[in-house]
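Q: Could you have a look at this structure, given as C-alpha coordinates, before my questions?
The values are calculated or read from the model by the stated rules, or taken from the named source; none is laboratory data. All figures in this text were calculated on a predicted structure; none of them were measured in a lab. Heads up, the Cβs are rebuilt from the backbone with ideal geometry, glycines too, and the neighbour counts pull from every protein chain shown. SASA here: full protein model, heavy atoms, side chains in, ligands and nucleic acids out. Shrake-Rupley method; radii C 1.70, N 1.55, O 1.52, S 1.80 Å.
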Amino acid sequence: DSFLALSQIKTCLAVTTVVSIIQMIKMLIVITLLGFGIFLGLLGIFSPKHSPSFDPNLKTIIIVLVVAAGVVWTVVSAIISVTMSFASPLIADRKFSFGETIKHSIKGGYANMIRLLFLIFLIILMQIAGLLAFGIGTFFVLPLSFATLFAAYRSVFRHSIPPQRKFPPKRFVQ
(Lines give C-alpha, C1' and ligand atoms only; values in the text may rest on other atoms or scores of the structure.)
Protein backbone atom coordinates (compact mmCIF):
# COMPACT_ATOMS: atom_id res chain seq x y z
CA ASP A 1 0.00 0.00 0.00
CA SER A 2 2.98 2.30 0.54
CA PHE A 3 3.94 2.01 -3.13
CA LEU A 4 0.46 2.44 -4.58
CA ALA A 5 1.74 4.95 -7.13
CA LEU A 6 4.02 2.33 -8.66
CA SER A 7 1.03 0.12 -9.46
CA GLN A 8 -0.37 2.92 -11.61
CA ILE A 9 2.84 3.43 -13.61
CA LYS A 10 1.44 1.86 -16.80
CA THR A 11 -1.63 4.10 -16.76
CA CYS A 12 0.49 7.14 -15.94
CA LEU A 13 2.90 6.43 -18.79
CA ALA A 14 0.05 5.79 -21.24
CA VAL A 15 -1.82 8.99 -20.39
CA THR A 16 1.36 11.07 -20.32
CA THR A 17 2.39 9.67 -23.71
CA VAL A 18 -1.00 10.43 -25.27
CA VAL A 19 -1.10 13.95 -23.83
CA SER A 20 2.48 14.57 -25.00
CA ILE A 21 1.68 13.34 -28.51
CA ILE A 22 -1.36 15.64 -28.62
CA GLN A 23 0.82 18.58 -27.50
CA MET A 24 3.45 17.74 -30.16
CA ILE A 25 0.79 17.56 -32.89
CA LYS A 26 -0.52 20.95 -31.77
CA MET A 27 2.96 22.45 -31.99
CA LEU A 28 3.60 20.80 -35.36
CA ILE A 29 0.47 22.44 -36.77
CA VAL A 30 1.49 25.84 -35.37
CA ILE A 31 4.99 25.48 -36.81
CA THR A 32 3.50 24.40 -40.15
CA LEU A 33 1.24 27.46 -40.26
CA LEU A 34 4.14 29.74 -39.40
CA GLY A 35 6.35 28.03 -41.95
CA PHE A 36 3.67 28.39 -44.60
CA GLY A 37 3.36 32.11 -43.87
CA ILE A 38 7.14 32.59 -43.97
CA PHE A 39 7.39 30.56 -47.19
CA LEU A 40 4.73 32.71 -48.86
CA GLY A 41 6.51 35.83 -47.69
CA LEU A 42 9.83 34.60 -49.06
CA LEU A 43 8.23 33.85 -52.41
CA GLY A 44 7.17 37.46 -52.59
CA ILE A 45 3.46 36.77 -52.74
CA PHE A 46 2.76 39.54 -50.25
CA SER A 47 5.06 42.01 -51.94
CA PRO A 48 3.48 43.82 -54.93
CA LYS A 49 6.83 44.87 -56.39
CA HIS A 50 8.00 41.25 -56.79
CA SER A 51 4.77 39.88 -58.27
CA PRO A 52 2.84 42.60 -60.14
CA SER A 53 0.63 40.09 -61.93
CA PHE A 54 -0.53 38.50 -58.66
CA ASP A 55 -4.15 39.38 -57.91
CA PRO A 56 -4.44 41.61 -54.78
CA ASN A 57 -7.76 39.99 -53.87
CA LEU A 58 -6.06 36.59 -53.79
CA LYS A 59 -3.37 38.04 -51.52
CA THR A 60 -6.06 39.21 -49.13
CA ILE A 61 -7.80 35.84 -49.20
CA ILE A 62 -4.54 34.02 -48.45
CA ILE A 63 -3.71 36.37 -45.56
CA VAL A 64 -7.22 36.00 -44.10
CA LEU A 65 -7.09 32.20 -44.41
CA VAL A 66 -3.68 31.90 -42.71
CA VAL A 67 -4.75 34.24 -39.89
CA ALA A 68 -8.10 32.44 -39.49
CA ALA A 69 -6.35 29.06 -39.38
CA GLY A 70 -4.03 30.41 -36.68
CA VAL A 71 -6.94 31.76 -34.62
CA VAL A 72 -8.98 28.57 -34.97
CA TRP A 73 -6.00 26.42 -34.06
CA THR A 74 -5.27 28.59 -31.02
CA VAL A 75 -8.82 28.03 -29.77
CA VAL A 76 -8.65 24.28 -30.45
CA SER A 77 -5.26 24.11 -28.74
CA ALA A 78 -6.60 25.92 -25.66
CA ILE A 79 -9.59 23.56 -25.43
CA ILE A 80 -7.33 20.51 -25.68
CA SER A 81 -5.02 21.90 -22.99
CA VAL A 82 -7.92 22.60 -20.65
CA THR A 83 -9.54 19.20 -21.12
CA MET A 84 -6.27 17.34 -20.53
CA SER A 85 -5.11 19.44 -17.57
CA PHE A 86 -6.51 17.03 -14.97
CA ALA A 87 -5.10 13.80 -16.42
CA SER A 88 -1.97 13.61 -14.26
CA PRO A 89 -3.66 14.55 -10.96
CA LEU A 90 -6.40 11.99 -11.63
CA ILE A 91 -3.82 9.24 -11.98
CA ALA A 92 -1.91 10.39 -8.91
CA ASP A 93 -5.01 10.67 -6.75
CA ARG A 94 -7.37 7.94 -8.06
CA LYS A 95 -6.99 4.38 -9.29
CA PHE A 96 -8.35 4.94 -12.79
CA SER A 97 -7.75 3.12 -16.01
CA PHE A 98 -6.58 4.98 -19.10
CA GLY A 99 -10.10 5.48 -20.44
CA GLU A 100 -11.52 6.61 -17.09
CA THR A 101 -8.70 9.11 -16.64
CA ILE A 102 -9.27 10.70 -20.05
CA LYS A 103 -13.07 10.68 -19.60
CA HIS A 104 -13.00 12.36 -16.18
CA SER A 105 -10.35 14.86 -17.26
CA ILE A 106 -12.45 15.92 -20.27
CA LYS A 107 -15.62 16.18 -18.15
CA GLY A 108 -13.88 18.26 -15.48
CA GLY A 109 -12.21 20.47 -18.09
CA TYR A 110 -15.42 21.19 -20.01
CA ALA A 111 -17.37 21.88 -16.82
CA ASN A 112 -14.84 24.56 -15.82
CA MET A 113 -13.66 25.76 -19.24
CA ILE A 114 -13.59 29.54 -18.66
CA ARG A 115 -11.96 29.34 -15.22
CA LEU A 116 -9.32 26.89 -16.44
CA LEU A 117 -8.56 28.97 -19.54
CA PHE A 118 -7.98 31.97 -17.29
CA LEU A 119 -5.87 29.88 -14.89
CA ILE A 120 -3.72 28.43 -17.69
CA PHE A 121 -3.28 31.94 -19.12
CA LEU A 122 -2.04 33.14 -15.71
CA ILE A 123 0.30 30.14 -15.43
CA ILE A 124 1.73 30.93 -18.88
CA LEU A 125 2.31 34.54 -17.82
CA MET A 126 4.04 33.33 -14.64
CA GLN A 127 6.25 30.99 -16.67
CA ILE A 128 7.19 33.79 -19.07
CA ALA A 129 8.08 35.99 -16.10
CA GLY A 130 10.20 33.15 -14.72
CA LEU A 131 12.03 32.84 -18.03
CA LEU A 132 12.61 36.59 -18.19
CA ALA A 133 14.46 36.38 -14.88
CA PHE A 134 17.35 34.69 -16.73
CA GLY A 135 15.61 31.32 -16.39
CA ILE A 136 16.21 31.18 -12.65
CA GLY A 137 12.59 32.08 -11.95
CA THR A 138 11.54 28.86 -13.68
CA PHE A 139 12.75 26.87 -10.67
CA PHE A 140 10.20 28.74 -8.56
CA VAL A 141 7.40 29.02 -11.11
CA LEU A 142 7.18 25.37 -12.24
CA PRO A 143 6.42 23.92 -8.78
CA LEU A 144 3.94 26.75 -8.24
CA SER A 145 2.31 25.93 -11.60
CA PHE A 146 1.93 22.25 -10.71
CA ALA A 147 0.59 23.12 -7.26
CA THR A 148 -1.90 25.55 -8.80
CA LEU A 149 -3.20 22.94 -11.24
CA PHE A 150 -3.45 20.37 -8.48
CA ALA A 151 -5.39 22.85 -6.30
CA ALA A 152 -7.75 23.43 -9.23
CA TYR A 153 -8.11 19.65 -9.57
CA ARG A 154 -8.98 19.37 -5.88
CA SER A 155 -11.64 22.05 -6.12
CA VAL A 156 -13.20 20.49 -9.23
CA PHE A 157 -13.14 16.84 -8.15
CA ARG A 158 -13.64 17.26 -4.41
CA HIS A 159 -17.08 15.61 -4.31
CA SER A 160 -17.72 14.34 -7.82
CA ILE A 161 -15.62 11.16 -7.71
CA PRO A 162 -15.48 8.99 -4.61
CA PRO A 163 -11.91 8.21 -3.53
CA GLN A 164 -10.66 4.72 -4.33
CA ARG A 165 -8.36 4.44 -1.32
CA LYS A 166 -8.35 5.53 2.27
CA PHE A 167 -6.41 8.55 3.41
CA PRO A 168 -3.88 8.56 4.95
CA PRO A 169 -2.39 5.29 3.69
CA LYS A 170 -1.50 2.57 6.15
CA ARG A 171 1.94 2.73 7.67
CA PHE A 172 4.55 0.28 6.50
CA VAL A 173 4.70 -2.59 9.00
CA GLN A 174 7.79 -4.74 9.19
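Every residue, every condition in (1) out of contact with any Pro (no Cβ under 8 Å at 6 or more places or on another chain); (2) of a type outside the set (Asp, Glu); (3) at pLDDT below 80; (4) part of a helix (DSSP H, G or I), yes or no:
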residue: Ser51; (1), (2), (3), (4): yes, yes, yes, no
residue: Ile63; (1), (2), (3), (4): yes, yes, yes, yes
residue: Ser77; (1), (2), (3), (4): yes, yes, no, yes
residue: Leu90; (1), (2), (3), (4): yes, yes, no, yes
residue: Gly99; (1), (2), (3), (4): yes, yes, no, yes
residue: Ile120; (1), (2), (3), (4): yes, yes, no, yes
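Q: Next question. Being modelled with pLDDT under 75, within 30 Å of Ser85 (Cα to Cα) and open to solvent by 70 Å² or more (accessible area, probe 1.4 Å) is the requirement here; does Leu34 meet it?
A: yes
Q: A follow-up question, please. Hey, among Lys95, Lys107, which residue is basic (Lys, Arg) and within 16 Å of the chain's Cα centre (by Cα)?
A: Exactly one residue qualifies, and that residue is Lys107.
Q: A further question on this structure: Taking into account only those residues within the range 96-141 that are of a type in the set (Phe, Trp, Tyr) and free of Cβ contacts under 8 Å to residues at least 40 places away in the same chain, which is most open to solvent (accessible area, probe 1.4 Å)?
A: The selected residue is Phe134.
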